[in-house]
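Right, one structure below, let's go through it.
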Amino acid sequence: MTSTFDVAIIGGGINGSSIAYQLSKRGRQVVLIEKNQLACEASSAAAGMLAAQAEIEQDGPLFQLALKSQAMFRELASELYETTGIDIEFVQKGIIKIAETDAIAEEIKKQVTFQQNWDPDIKWLNAHELHELEPSLSPDLPGGMYLPNDGHVMPAALSKAFAKAAIHFGAEILENTEVLSFLYEQERVIGVKTTFGDIHCHQVVLATGAWAAQLLQETGIGITVYPVKGECFSVKPETPIIERTIFSDKRCYFVPKRNGEIYIGATQVENTFDKNVTLEGIAALAERAIQLVPQIKDARWERVWAGVRPQTGDGLPYIGEHPFKKGLFMAAGHYRNGILLSPVTGKLVAGLLEGHPDEHLLSSFRIDRNNKMVH
Ligand code: FAD
Ligand code: GLY
């Protein structure tokens, strides 16, 4: 097969699909190339929290990017529903970041003051207020930070909605097609070599999540992107026991979905692409979950799963243009927040490819910020 497109996007996760949507909406001829199936990796393993302020505790480029993306979800949900009929199940009932000890409570109270700079509705809840709002939480908890405007979505639905909307605007999707290398004309990338033949195009976007370093290596740039496995499980109580997302720390949170399921995540296992779920991981998670929400022990077991988060050496995603291979761009390394960041990633990359980059937002995410040349 030899075909020509304006843009080839490698990787059919949520970020590749969001970029495909934004570019095809702007009239570009796009092909999205996925080695397995759309959203088969991290993008369907995620819990779907849009937890900019629960996950990121300091101001900085990632925090600002996350806030910007978070603010896009309400409009995006209706836009995607109108175009595709897919409901991404955007729920905006808030997140409570709970403290498990008095010492952690003091830390979180400082975060409340900091986070109120961005949302004055955020407040500290003492033990009494916490239990009034979420009576199923353990009575031992001293309190928590309440972020009433936060929310969550169904990650696989969002990913599929982006892809379906991209198709609506003319994009082509190639599943079960692996990109093996780039095609070059001198220092310009002019396409990709795949397991089903060459595809020619004017621009290429690498959006391959935890696999991003591998293809980039051949272009003479060594960046650090590595997998961090996360295991999750879900249960379904007979009647709802929590209404809001409960976030204890990065290793234990509860996300109550619209269908009554509660997603409980997640472990953090570095440097493995193995998606097997271990009894050790799930047992530890279940034990903590029961401590924090004791009633959860009676809920019906639903399922377990795992996925690999794409982490980078400095914790920031790579979103930008290749420093010396013209026509090559990258959007990968979104680690724990790739669902949250997908709307803004799509828009930023589309702007970049169209020749009007948002330099201010993009400057911290450049590909060459800390790379090792491998010429
Ligand atoms: P992926 O979804 O990994 O997609 C990359 C795709 O590229 C894959 O489909 C892969 O098959 C394909 N690919 C790779 N190499 C090639 C090649 N050579 N040719 C063709 N295709 C290729 N984020 C949040 O915002 N909120 C959450 O609550 C949240 N919870 C999470 C919970 C868990 C347990 C995990 C694991 C992650 C969670 N995340 C969350 C993080 C989020 O899932 C990721 O950051 C996001 O899905 C990354 O999306 P991506 O499109 O960049 O990568
Ligand atoms: N953001 C939740 C997770 O990565 O587990």
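For L216, the conditions (1) part of a strand (DSSP E or B); (2) of a type in the set (A, V, I, L, M, F, W, C); (3) buried (at least 22 other Cβ atoms within 10 Å of the Cβ) are fulfilled apart from (1). Evaluation of V228 against the conditions (1) near ligand 1 (Cβ under 10 Å from one of its atoms); (2) under 16 Å from A306 (Cα atoms); (3) surrounded by 23 or more Cβ atoms within 10 Å (Cβ to Cβ); (4) of a type outside the set (S, T, N, Q) shows that the sole unmet condition is (3). Residues that are more than 16 Å from ligand 2 (Cβ to nearest atom) and among the hydrophobic types (A, V, I, L, M, F, W, C) were ranked within region 300-324; the one that is modelled with the lowest pLDDT is F324. The residue that is farthest from ligand 1 (Cβ to nearest atom), counting only those in region 257-277 that are in contact (Cβ under 8 Å) with a residue 60 or more places away in the chain and out of contact with any helix residue (DSSP H, G or I) (no Cβ under 9 Å at 6 or more places or on another chain), is R258.
Scanning region 219-270 for residues that are part of a loop (DSSP other than H, G, I, E, B), within 11 Å of ligand 2 (Cβ to nearest atom) and not hydrophobic (A, V, I, L, M, F, W, C) returns K250, R251, T267, Q268.
Just one of (1) more than 14 Å from the chain's Cα centre (by Cα); (2) hydrophobic (A, V, I, L, M, F, W, C); (3) crowded, with 24+ Cβ neighbours inside 10 Å fails for C252. It is (3). Determine whether region 139-160 contains at least one residue that is surrounded by 20 or more Cβ atoms within 10 Å (Cβ to Cβ), farther than 25 Å from I56 by Cα and either touching a residue at least 24 places away in the same chain (Cβ under 8 Å) or in contact with a helix residue (DSSP H, G or I) (Cβ under 9 Å, 6 or more places away or on another chain) (or both). Within region 139-160, one or more residues are surrounded by 20 or more Cβ atoms within 10 Å (Cβ to Cβ), farther than 25 Å from I56 by Cα and either touching a residue at least 24 places away in the same chain (Cβ under 8 Å) or in contact with a helix residue (DSSP H, G or I) (Cβ under 9 Å, 6 or more places away or on another chain) (or both). Scanning region 182-197 for residues that are surrounded by fewer than 17 Cβ atoms within 10 Å (Cβ to Cβ) and at positive phi turns up Q186, G197. Selection of region 51-85 for residues being of a type in the set (A, V, I, L, M, F, W, C), buried (at least 19 other Cβ atoms within 10 Å of the Cβ) and touching a Phe, Trp or Tyr at 6+ places or on another chain (Cβ under 9 Å) yields A51, A52, A54, I56, L62, L65, F73, L76, A77, L80. Selection of region 304-322 for residues being over 17 Å from the mean Cα position of the chain (by Cα) and within 13 Å of ligand 1 (Cβ to nearest atom) yields only V304. Criterion first (surrounded by 21 or more Cβ atoms within 10 Å (Cβ to Cβ), modelled with pLDDT of 95 or more and of a type in the set (G, A, S)) does A127 satisfy it? Spelling it out, it is not the case that A127 is surrounded by 21 or more Cβ atoms within 10 Å (Cβ to Cβ), modelled with pLDDT of 95 or more and of a type in the set (G, A, S). Among the helices (runs of 4 or more DSSP H) confined wholly to region 1-84, which include 1 or more residues that are within 15 Å of ligand 1 (Cβ to nearest atom) and β-branched (V, I, T)? Filter on region 1-84 gives 14-25.
Quick one: would you say G327 is under 21 Å from T224 (Cβ atoms) and either modelled with pLDDT of 95 or more or more than 12 Å from ligand 1 (Cβ to nearest atom) (or both)?
On the way: under 21 Å from T224 (Cβ atoms): no; either modelled with pLDDT of 95 or more or more than 12 Å from ligand 1 (Cβ to nearest atom) (or both): yes.
Spelling it out, it is not the case that G327 is under 21 Å from T224 (Cβ atoms) and either modelled with pLDDT of 95 or more or more than 12 Å from ligand 1 (Cβ to nearest atom) (or both).
Considering I104, I98, the condition of being over 18 Å from the mean Cα position of the chain (by Cα) and either closer than 30 Å to N259 by Cα or among the hydroxyl-bearing types (S, T, Y) (or both) is satisfied by I98 alone.
The values are calculated or read from the model by the stated rules, or taken from the named source; none is laboratory data. Note that the coordinates shown come from a computational prediction; the quantities given were computed from them, not determined experimentally. Quick reminder, even Gly has a Cβ in these numbers, built from the backbone with ideal geometry, and neighbours come from all protein chains shown.
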